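J.: Quick one: the structure is below, and I'll ask about it shortly.
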């Protein structure tokens with residue numbers, strides 16, 4: 001097809017492709033505008049991850065999925081309808097949630113624009129130099145979304161449901177939010193009844209509560225995947241899987257998801273005279289388990305070495 005990108009292509013389209021793959025974590029090489037083997041590997045990894053035909057060729061289907069995941073949020077406020085007393089629905093719920101977070105509304109989040117909601121809207125309008133008519137039009141939505149977005153935090157839903165709420169900010173994408181909160185695009189779309197990857201500034205999304213299965217690690221100078229894996233008692237392959245890495249290349253400043261096993265072991269500093277057998281006996285475990293947890297290939301340990309010991 002005329003618009004396909006494949007091995008050997010060059011130009012601005014390839015550069016944009018590399019940039020988008022890099023945003024999603026499938027391309028870690030330099031952005032050159034030249035479709036080489038590393039670009040092909042990134043495309044194939046992306047296709048594999050999202051259930052596309054793994055060809056290494058950027059056809060229309062691959063391009064659409066790639067661009068949807070990396071498209072910027074849409075900012076117009078016109079998507080928000082004008083709300084009045086006695087209206088009902090999801091946008092009223094959104095209104096109540098934001099007024100509650102900003103301490104103007106203390107009633108139930110029930111999706112009903114009742115008298116309590118009306119009074120909260122009027123108080124908000126008075127305090128923000130808006131026409132205090134109790135009607136939530138474009139100006140009220142604009143100020144409300146701006147102030148709510150500036151809270152810059154997640155809040156737990158008042159009903160105690162198993163999710164948190166997140167307010168979309170400029171530059172957000174569903175993929176970026178999913179990666180930040182250790183979930184998937186599909187889970188977010190399902191939880192919010194989204195039919196596309198388009199999200200809007202000020203929009204409130206429900207996100208699954210984190211299970212704390214992962215920690216965030218920022219790559220430092222001298223780090224390697226093997227060294228990080230050994231430090232956190234995991235494997236290189238597991239880190240690559242969690243971060244959609246197609247090679248062992250990592251960059252300074254890159255943030256990686258690392259399996260969190262901190263509750264399952266303690267750190268032990270090897271002292272003079274220590275042996276694996278002695279340490280294992282002291283902590284009611286086995287030398288083989290310590291070797292496995294620390295990726296040791298022999299029984300040799302060194303004074304000052306830090307070992308992870310299961311508890």
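Each reported figure results from applying straightforward, stated rules to the coordinates on display, with no laboratory input. Treat the numbers as computed from the prediction; the structure is a model and nothing was measured. A quick note on method: Cβ atoms are made from the backbone with ideal geometry, for glycine too, and the neighbour counts reach across all protein chains shown.
J.: Output the Cα-based Rg and Dmax of the chain in Å, rounding Rg to one decimal and Dmax to a whole number.
T.: Gyration radius and largest Cα-Cα distance of the chain: 25.4, 79 Å.
J.: Okay, next question. Quick one: grab Rg to one decimal and Dmax as a whole number for segment 214-258, Cα atoms only, in Å.
T.: 9.1, 22
J.: Please give the calculated 222 nm ellipticity per residue for the chain, where each DSSP H segment of at least 4 residues contributes -39500 (n - 2.57) and the sum is spread over every residue; nearest 500 deg cm²/dmol?
T.: Taken over the chain, the calculation gives -10500 deg cm²/dmol.
J.: Also, I was wondering about something else. By how many degrees, 0 to 90 and rounded to 10, does the Cα axis of helix 138-149 deviate from the longest principal axis of the chain?
T.: It works out to around 30 degrees.
J.: With axes computed from alpha carbons, what is the tilt in degrees of helix 60-70 against the longest principal axis of the chain, rounded to the nearest 10 within 0 to 90?
T.: 80 degrees
J.: Counting alpha carbon pairs within less than 8 Å and at least 6 residues apart, what relative contact order, in whole percent, applies to the chain?
T.: Computed over the chain, the figure is 13 percent.
J.: Among 167, 300, 140, which one moves the most in a GNM of the chain with springs linking Cα atoms closer than 10 Å?
T.: 300
J.: Counting just the Cα atoms, what span does segment 10-125 cover along each of its three principal axes? Round to the nearest Å and put the largest first.
T.: 63, 25, 22
J.: Fewest first, what order do 184, 173 take by the number of other Cβ atoms within 10 Å?
T.: The order, fewest Cβ neighbours first, is 184, 173.
J.: Hey, rough spin-label estimate for residue 131 and residue 34, points 7 angstrom out along Cα→Cβ, what's it come to in nanometres?
T.: 6.1 nm
J.: In degrees, nearest 10, range 0 to 90: what is the angle between the Cα axis of helix 90-101 and the longest Cα principal axis of the chain?
T.: 70 degrees
J.: Figure the gain on full extension for residue 241 and residue 15 (residue separation times 0.36 nm, minus the Cα-Cα span) and round it to one decimal in nm. Show your work: numbers first, answer last.
T.: Working: separation 226, 0.36 × 226 = 81.36 nm, distance 2.51 nm.
So the extension gain works out to 78.8 nm.
J.: Can you tell which of 233, 247, 53 shows the greatest fluctuation in a Gaussian network model of the chain with Cα springs below 10 Å?
T.: 53
J.: Taking 0.36 nm per intervening residue step and subtracting the Cα-Cα distance, what contour gain separates residue 269 from residue 116 on full extension?
T.: Gain in length upon complete extension: 49.0 nm.
J.: Further question on the same structure: Once R0 is set to 41 Å, what does the formula 1/(1 + (r/R0)^6) return for the Cβ-Cβ distance between residue 302 and residue 191, expressed as a FRET efficiency to the nearest 0.05?
T.: For R0 = 41 Å, the calculated efficiency reads 0.25.
J.: Antiparallel versus total DSSP beta bridges in the chain: what percent is that, nearest 5?
T.: About 95 percent, rounded to the nearest 5.
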